[in-house]
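A.B. asks: Input: one structure, supplied below.
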Amino acid sequence: MDAATVMARCDALQEFTGEPGKLTRLFATPSLEAATVTVEGWMRDAGLTTRRDAVLNLFGRYEGSKPDAPAFLVGSHLDSVPDGGRYDGPLGVLTALAVVERLAARKARLPFAIEVCAFSDEESVRYGTTYLGSSALAGAFQEAWLDRADRDGITMRDALRAAGGDPDGIPACARDAASTVGWLELHIEQGPSLEAEGLPIGVVTGIQAQVRHSWELRGTAGHAGTTPMAGRRDALSAAAELVLAIEEIGRSTPDLVATVGVLDAEPGAMNVIPGRVVLTSDIRHPDDAALVHALMAVDGAAAAIAAKRGVAITSTELSGDPSVPCDARLRAVLADAIGAEGFPARDLASGAGHDAAALARICPVAMLFLRCEGGISHNPAENVDVLDVAVALDVMERAILDLGMRP
Ligand code: HGY
Ligand code: MN
Ligand code: MN
């Protein structure tokens, strides 16, 4: 399969969305199921043996030279952020499938099987759990996640059942390390470096640490017209101060990024002083200790705002993922493949989280980044060049063949 087909398939998956006119494909929804079924059809057309697991992940297996050989995993995720781009996730799944098709066409006999993985949730939009699909595969799924409710009050357990998953079957999703050779994912860079240097592709050195919290601010609701300004316990004004404090800690701490992406004020009427606010924080740093230090600074800022304003501020950790280094041997194989294709092997750290962070629990992981236009992602303007996708296919095919030859 060539790069143009990969691009056309990314376009085709656009139609599967929960928000007409935008790409919003969330965990355990009809749009995700439709996209997954479509990819499964492409896998079967390519001669792969397919299966689904209890958390709706899809796998397509290409056998190695020996039956029941351990598998090298390649792929990415099919879910998206709200109003997202068409390449974040699907490009990794479809380039993986294209490479396996090429290997099958050349009747490559590898000492390992290859499993193309299409994970059902990496973005964590619906339930706030990072790497849900790959965590189940890595045996790191937390049963408590099943009790989490989405914005409509639907628990993950109920949503999973309704979508054809099996909450009771999740422990059986776990793969053991002995049957897993490694993980390779192609993903758009979601940043400006490769484009700035005129390079189509890069090798990921590692994934930075990230911690996400939900914050609740409780003040006193009141009448906007009759309540004097002095003495108000306005939860939204307190939240505004906390948002700016988090931003300032992000700005003043080298290499730290800090984002408040969601904020809901209650009761949400123009003439009522907000009594309650819930907001989220997403804070990341390449160094685990530096991240812990930054989180302490945020807690300190929250405590000071609470004391000054008489607003109760509490936080709940939603997810915490340590930094993850990519495997040195796999990185070297990828760098050799990029060099053989005539490009310098540029190393890049990943500011974004990826399924590799979960899979590193059971196998060596590696990632390739692909240049993306303007470094734009999590945005419908997300775009890649078909020529770069062609380079990626050649690099991935060469790397997997090389791995098949190396002991
Ligand atoms: O949030 C991230 O870094 C990824 O896009 N899930
Ligand atoms: Mn992604
Ligand atoms: Mn993403």
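A.B. asks: Go through segment 169-264 and name the GluC sites (Glu not before Pro) that are in a DSSP coil and have 14 or fewer other Cβ atoms within 10 Å of their Cβ.
C.D. replies: Numbers: sites: Glu185, Glu189, Glu195, Glu197, Glu216, Glu241, Glu247, Glu248; in loops: Glu189, Glu197.
Counting only loop positions with at most 14 other Cβ atoms within 10 Å, the GluC sites (Glu not before Pro) in segment 169-264 are Glu197.
A.B. asks: Another one. Relative to the longest principal axis of the C-alpha atoms of the chain, give the angle of the C-alpha long axis of helix 288-309, reported between 0 and 90° and rounded to the nearest 10°.
C.D. replies: Roughly 20 degrees between the two axes.
A.B. asks: Right, something else. Within straight cross-link reach of Lys66, meaning Cα distance under 19 Å, which lysines are found once same-chain residues fewer than 8 apart are removed?
C.D. replies: Within the straight-line limit of under 19 Å, Lys66 reaches these lysines: Lys107.
A.B. asks: Taking the simple approach of a point 7 Å from Cα along Cα-to-Cβ for both Asn383 and Val37, what is their distance in nm?
C.D. replies: Calculated label separation equals 3.3 nm.
A.B. asks: Against the longest principal axis of the chain, how steep is helix 3-13, in degrees 0 to 90 to the nearest 10, with axes from Cα atoms?
C.D. replies: That works out to roughly 40 degrees.
A.B. asks: Further question on the same structure: Let me make sure I get this right: for segment 314-407, a, b and c are the square roots of the gyration tensor eigenvalues over alpha carbons, sorted descending. Under 1.5 in a/c it's rounded, otherwise prolate if a/b > b/c, else oblate. Which is it? Each step should come with its number before you reach the end.
C.D. replies: Numbers: a/c = 2.66, a/b = 1.28, b/c = 2.08.
Here segment 314-407 falls in the oblate category.
A.B. asks: Another question, if that's okay. Hey, can you grab everything whose amide H is under 5 Å from the amide H of Phe72? Only 5+ residues off in sequence or another chain; H modelled, so Pro and N-termini drop out.
C.D. replies: Hits under the 5 Å cutoff: Ala113, Ile114, Glu115, Val181.
A.B. asks: What is the angle, in °, between the Cα long axis of helix 386-405 and the longest principal axis of the Cα atoms in the chain? Nearest 10 is fine, range 0 to 90.
C.D. replies: Rounded to the nearest ten degrees, it is 60.
A.B. asks: Hey, can you grab everything whose amide H is under 5 Å from the amide H of Ile201? Only 5+ residues off in sequence or another chain; H modelled, so Pro and N-termini drop out.
C.D. replies: Amide H neighbours of Ile201: Arg371.
A.B. asks: Treating only the Cβ atoms of Lys and Arg (+1) and Asp and Glu (-1) as charged, compute the dipole magnitude of segment 138-261 about its Cα centre; round to the nearest 20 debye.
C.D. replies: That gives a dipole near 480 debye.
A.B. asks: With each run of n ≥ 4 DSSP H residues scored as -39500 (n - 2.57), what mean residue ellipticity at 222 nm is computed for the chain after dividing by its residue count and rounding to the nearest 500 deg cm²/dmol?
C.D. replies: After summing the helix terms and dividing by residue count, I get -10500 deg cm²/dmol.
A.B. asks: Mind checking which of Leu330, Leu73, Leu236 has the largest fluctuation in a GNM of the chain, springs on alpha carbons under 10 Å?
C.D. replies: Residue with maximal mean-square fluctuation among Leu330, Leu73, Leu236: Leu236.
A.B. asks: Please work out how much length the chain gains when fully extended from Ala269 to Asp288, using 0.36 nm per residue of separation minus the C-alpha to C-alpha distance, in nm with one decimal.
C.D. replies: Additional length available on full extension: 2.8 nm.
A.B. asks: Hey, another quick one. By counting other Cβ atoms within 10 Å of each Cβ, how are Met229, Met43 ranked from fewest to most?
C.D. replies: Least crowded to most crowded, the residues run Met229, Met43.
A.B. asks: From the backbone phi of segment 325-341, what are the Karplus-calculated ³J(HN,Hα) couplings (6.51 cos²θ - 1.76 cosθ + 1.60, θ = phi - 60°) in whole Hz, Gly and Pro given as x?
C.D. replies: Per-residue couplings from phi come out as x, 7, 5, 4, 5, 5, 4, 5, 4, 5, 5, 5, 5, 5, x, 5, 8 Hz.
A.B. asks: Roughly how many whole Å is it from the C-alpha centroid of segment 148-217 to that of segment 241-267?
C.D. replies: For segment 148-217 versus segment 241-267, the Cα centre distance is 23 Å.
Since every read-out is calculated from the coordinates, none of them should be taken as a lab result. Quick caveat, the model's predicted, so the values are computed rather than measured. Cβ atoms come from the backbone with ideal geometry, glycine included; neighbour counts cover every protein chain shown.
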